[in-house]
1. If the reach is capped at under 20 angstrom between alpha carbons, list the aspartates and glutamates near B:Lys242, excluding any in the same chain fewer than eight residues apart.
2. Among DSSP beta bridges lying fully in chain A, give the percent that are antiparallel, nearest 5.
3. Mind ranking B:Lys203, B:Lys140, B:Lys171, B:Lys242 by accessible surface for me, highest first, 1.4 Å probe?
4. Residue-wise, which Karplus ³J(HN,Hα) couplings in Hz belong to the stretch B:49-65, taking 6.51 cos²θ - 1.76 cosθ + 1.60, θ = phi - 60°, and x for glycine or proline?
5. Place +1 on the Cβ of every Lys and Arg and -1 on the Cβ of every Asp and Glu in the protein assembly as shown, take the dipole about the Cα centre, and give the residue among A:Gly84, B:Ala425, B:Val137 whose Cα lies farthest towards its positive end.
6. Using θ = phi - 60° and the Karplus form 6.51 cos²θ - 1.76 cosθ + 1.60, what ³J(HN,Hα) does each residue of the stretch B:270-282 get, whole Hz, x for Gly and Pro?
7. Return the average number of partner chain Cβ atoms within 10 angstrom of each residue Cβ along peptide B:128-140.
8. In the full protein assembly as shown, how much of B:Ile211 is accessible to a 1.4 Å probe, in Å² to the nearest 10?
Amino acid sequence: MFRSLRTDAPARVRVLVNGHPVEVPAGQSVWSALALSGQITTRKAALSAQDRSAYCAMGVCFECLVDIDGLPNQQACLRRVTEGMQITMQTITEDTKAEL
Amino acid sequence: MAHDCVIVGAGPAGMAAALTLADHGVRPLVLDRAARPGGQIYRAASASPLPDRSVLGADYAAGAELITAYTASGADHRAEADVWHVGADGKILFSTDGGTCQAEAREILLCPGALERPMPIPGWTLPGVMTAGAAQVMLKSDAVVAEGAVFAGSGPLLYLIVAQYLRLGVKVAALVDTTPRDNYLRAAPLLAGALRVPSMLTKGLSLLHEIRQAGIPVFRWASDLQVLGQDRARGLRFVTPKGAQEIAADTVFLHHGVTPNPNMTRALGVQHDWNPDQLCWHVRRDPFGQSTLAHVSVAGDGGAIVGAEGAQCEGRLAALNMLCRLGRIDRATRDHLARADLTRLKRLAGVRRFIDRLYRPQAALRVPQCPDTLVCRCEERSLGDLRAGFDAGARDPNALKSLTRCGMGPCQGRQCGPIVSQLLADWRDEPVSEVGYYRLRSPQRLLSLQELSRFNRVHPAPEEAQ
Ligand SMILES: Cc1cc2nc3c(=O)[nH]c(=O)nc-3n(C[C@H](O)[C@H](O)[C@H](O)COP(=O)(O)OP(=O)(O)OC[C@H]3O[C@@H](n4cnc5c(N)ncnc54)[C@H](O)[C@@H]3O)c2cc1C
Ligand code: FES
């Protein structure tokens, strides 16, 4: 269970995680929005379609690839939330990959 | 127009280098993919979202001073600049703000830092399994923690994050320590060298003491780790001398050491050497960090694991050498100014040797033991798949990659690379140095056409262009 330790009252932005509205402090990572909302699956594995989630949080494992505002393959741990951002789980598999 | 110097990475190494360059009138372009300067250890130290950053330790607070000095140095810092190509011709390409930029450098200093050694245990790809470094990043950047997590593995960074969690009142389910008993015996002869910098040693010991005092379950001599759960992590199973154990937890943080982040230096084609003490590849360098390409230097954990203080020493040394190559100082001045850092690095190396031996990871945790455990997370290739590829004749990492696709996914082998080299070494019964590593190429990240089509060049400010 992820939670925030912030006690200040940071400015918040509202994002949509898989269609559900979530409020997070402005400037935080997209991954933190997923973690705090409990929707931790970032993508489906390319072959088995098993659920995957952020692993390194520092941009080197590429497990956190999500779709942001219609753009696929965005690293949730490196991108930061902005007002109205639409974040969705990525479901690119072997078949759809070739188009990118 | 070329910059005198471009630095990739604004951790302790890159920041220290920039300060030394600035002292001699060179204003470097510094590219870093993070939102703020600081690197791993000092991540967000200048603007911590935590109510009280002192719980992260005195080192962390000290980082804020380095960042302040760096920010005032006049270095041209570019945040959220993700470098994906560094060419031997001095051209550097990076993504920023949805577009692509090119910069050109006479001297290049690479300070990409380390990444965590993979621990390919059954279930390590399940959601809820992360690295201890990830826990650090979430805590420092976003003040986000995982309540009731289990931490498993070995080494100072693992103990540090557990201690930080406990200071913050975050519940920790257990610390599962995989440091083999035998390591204590083997490290003992190196203790004298480590005692030359006693502060480093006491820091480590006090962390373990603090964790024991907190009264959380600590399991020592653990082996045979396995993450429980079908669709996501539900806990950790392992074996201690007292028998099999199971801890329920929905987050499992793994860690057994760090290794240099190899992709940039590999793709650039500079020479690397296998280091059997640190069990990783080092970039071949002279004492000033100059690589086998004269105008490319490497400093900090990206070249070999030296820790934060060592990274700063190396950053300054590389800067002095580049200043000399740029004609800003002569050799005698360089050598004179280098003396203190060279001496300090020697001392720190003594501590490092001890830590490396004490926390040398278990061989059985560095490569999978079950045929269906995944090695390549991106392309979902298991130990069994790789063995079949080896039996079909693929005897080196590149052959195995073309045959099985292991290492062809978006992470470009950052996770599976060390595992594959080790497996092939075991199977061939030859040292890893003979087996080698993947041949890598740019770009070092996924790129979209849209990003590539928005192209800009970054030039030095006019007053310093020569
Ligand atoms: C996840 C993690 C957490 C760590 N936490 C601690 C800790 O709490 N305490 C401690 O003593 N040590 C910690 N370490 C060890 C740490 O590596 C060293 O102590 C120290 O930070 C090394 O300094 P450096 O300057 O060599 O590299 P780093 O501090 O790692 O800095 C490297 C910088 O390069 C940037 N970078 C890397 N690749 C690119 C690229 N392609 N494009 C643009 N920028 C790039 C990164 O964003 C980073 O800011 C950690 C290591 C890791 C991997
Ligand atoms: S979590 Fe590893 S790249 Fe984002």
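The values are calculated or read from the model by the stated rules, or taken from the named source; none is laboratory data. The structure displayed is predicted, hence computed values, not measured ones. Cβ atoms come from the backbone with ideal geometry, glycine included; neighbour counts cover every protein chain shown. SASA here: full protein model, heavy atoms, side chains in, ligands and nucleic acids out. Shrake-Rupley method; radii C 1.70, N 1.55, O 1.52, S 1.80 Å.
1. Correct list for B:Lys242: B:Asp177, B:Asp182, B:Asp224.
2. Numbers: 15 of 18 bridges.
Looking only at bridges with both residues in chain A, the antiparallel portion is about 85 percent.
3. Numbers: B:Lys203 90, B:Lys140 15, B:Lys171 130, B:Lys242 190 Å².
Ranked from most to least accessible, the order is B:Lys242, B:Lys171, B:Lys203, B:Lys140.
4. Per residue, the Karplus-derived 3J(HN,Hα) values read x, 7, x, 9, 6, 5, 5, 7, x, 5, 4, 5, 4, 4, x, 4, 5 Hz.
5. Farthest towards the positive end: B:Ala425.
6. Working through the residues one at a time gives 6, 6, 10, 10, 6, 10, x, 7, 8, 6, 7, 8, 9 Hz.
7. Partner Cβ neighbours, averaged per residue: 5.
8. Here the residue's solvent-accessible area equals roughly 0 Å².
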